[in-house]
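These notes are about the structure you will find just below.
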Amino acid sequence: MIVLTNVRKMRERDYLYCMKLLFLICLAVQSFSADSLDERVEQLHDTIISIDTHNDFAMSLAFPGRRSTVAKGQVSFELMKEGRLDAAFYAAYQGQGPCTEAGHEKAKFLADSMLRALHRYALENHELGEIAYCPEDIRKLKKKGKAVMLLSIENAYCLGEDLSLVEHYYNMGVRMIGLTHNGNNNVADSAMDSLERHGGLSPFGFRVIQEMNRLGMVVDVSHASRKACLQAVEASRAPIMASHSCVYNLKEIPRNLTDQEILAIAAKGGVVQISIGRYFLSFLPKEQVDLSHLVEHINYVVNLAGVDHVGIGSDFDGGGGIVGVENMGKMKAITRVLLEEGYTADDIAKIWGGNVMRVMDAVRANARSF
Ligand SMILES: [Zn+2]
């Protein structure tokens, strides 16, 4: 009451002056809290290791003339630096073709060419980044301030029916293999194929997983059928990963994971890497899909399986990208929104790469036990 009376007593000029002052104070407080949140994001990225587990950069790198329907240019060492993304799995992808000798030869040619192109890229840009072959390499390169390239294969089609090729790809630096793409191959059934060929994994597929376990490669079940996913979890002696998948209960498409799959992957110590793509996240039009949808999927896995079993796999240059996270240079926006969501620094460290490092460490330790 006293305040009100005083205000009334003020001359109009004084009142306006007070209001202006109040407005400026509000503005200052607002920008201070925004600045401090940005600072927290930067500080967090100084200490954590951030890993994105899937991109399709290699295709346009190895075959620049090839036509593609998806946006490109979302991936580079420079963008990783800009977005404070420490490490990323660069996939050598082949679309599914016929399971014939000629088909397999072509798939191997594609995979080999893309892996060679990635090695070349890392060599030509060595002042910015390097290839890592084990978790220790990632930690060392982070300390040196270098972007970390990890190599993976999307679609074991390129193995044909030759088990020795698993080691061939290990020797080329590959540390993760996705069992399928959008069609069945000789290893496993795909989530997107209308027909079931093996009822999950083929007998050859089981041997491939054994061989990957022996060598120390992460089994990636993104794109695999539900049965293939559950059988791979069961068959693998080490934790596995879904490198770029989302939650079926939030978007009911075959490529997303059911609760049963998420819980099985988690029970084995594995991790579900939420994709930054509209295709996986929401039925809304592209321009309306943003960070809120990404966080919704992350929260879902956290609530279902725990914060130890979720991470991020962008699918950049292969269809990924949402409003607010259009390329690797925008990755800090995810950290910021996770802080706003109430995740602790420890949680964010796990989500951004700690969980993937744990899986990679376990896969390596398991390989040593053979
Ligand atoms: Zn994919």
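With runs of 4+ DSSP H residues as the only contributors, calculate the mean residue ellipticity of the chain at 222 nm using -39,500 (n - 2.57) per run, divided by the residue total and rounded to the nearest 500.
-15000 deg cm²/dmol
Rounded if a/c is under 1.5, else prolate if a/b is larger than b/c, else oblate: which is segment 184-271, with a ≥ b ≥ c the root eigenvalues of its Cα gyration tensor?
Here segment 184-271 falls in the oblate category.
Against the 2.2 N^0.38 Å scaling, with N counting residues, where does the chain land? I'd like the Cα-based Rg ratio to two decimal places.
Cα Rg divided by the expected 2.2 N^0.38 Å: 1.12.
How would you rank K81, K286, going from fewest to most other Cβ atoms within 10 Å of each one's own Cβ?
Going from sparsest to densest Cβ surroundings: K286, K81.
Compute the length gained on full extension between L22 and L304: take 0.36 nm times their separation in residues and subtract their Cα-Cα distance, giving the result in nm to one decimal.
So the chain would gain 97.0 nm between L22 and L304.
With respect to the cross-link table entries K143/K330; K108/K268; K268/K330, which display a Cα-Cα separation exceeding 25 Å?
Checking Cα-Cα distances, K108/K268; K268/K330 exceed 25 Å.
By a straight-distance test (C-alpha under 20 Å), which aspartates and glutamates pair with K144 as possible cross-link partners, with residues fewer than eight away in the same chain excluded?
Qualifying aspartates and glutamates at Cα under 20 Å: E42, D46, D52, E78, E82, D86, E124, E127, E130, E136.
Principal axes first, then extents: for the Cα atoms of segment 73-127, list largest minus smallest coordinate on each axis, whole Å, largest first.
Sorted largest first, the three principal extents are 43, 19, 17 Å.
Can you give the relative contact order of the chain as a percent, counting alpha carbon pairs under 8 Å and 6+ residues apart?
Relative contact order here is 18 percent.
Can you sort F204, F370 by how many other beta carbons sit within 10 Å, fewest first?
Going from least to most buried by this count: F370, F204.
If you line up the long axis of helix 12-47 against the longest principal axis of the chain, both from Cα atoms, how many degrees apart are they, to the nearest 10?
With rounding to tens, the tilt is 20 degrees.
For segment 48-368, give the share of DSSP beta bridges that are antiparallel, in percent and rounded to the nearest 5; count only bridges with both residues there.
Approximately 10 percent, going by the DSSP bridge assignments.
If R0 is 25 Å, what FRET efficiency do you get for E101 and R214 from their C-beta distance, rounded to 0.05?
0.45
Any chance you could give the angle, 0 to 90 degrees and rounded to 10, that helix 203-215 forms with the longest Cα principal axis of the chain?
That helix lies at roughly 60 degrees to the long axis.
Mind checking the angle between helix 291-305 and the chain's longest principal axis? C-alpha axes, 0 to 90 degrees, to the nearest 10.
The helix 291-305 is inclined about 60 degrees to the chain.
Calculate the FRET efficiency for L163 and E326 from the Cβ-Cβ distance with a Förster distance of 56 Å, rounded to the nearest 0.05.
Efficiency for this residue pair is about 0.85.
Each value in this text was obtained by applying a stated rule to the coordinates, not by laboratory testing. Small disclaimer: the values here were computed from a predicted structure and weren't measured. Glycine gets a Cβ as well: all are built from the backbone with ideal geometry, and neighbour counts include every protein chain shown.
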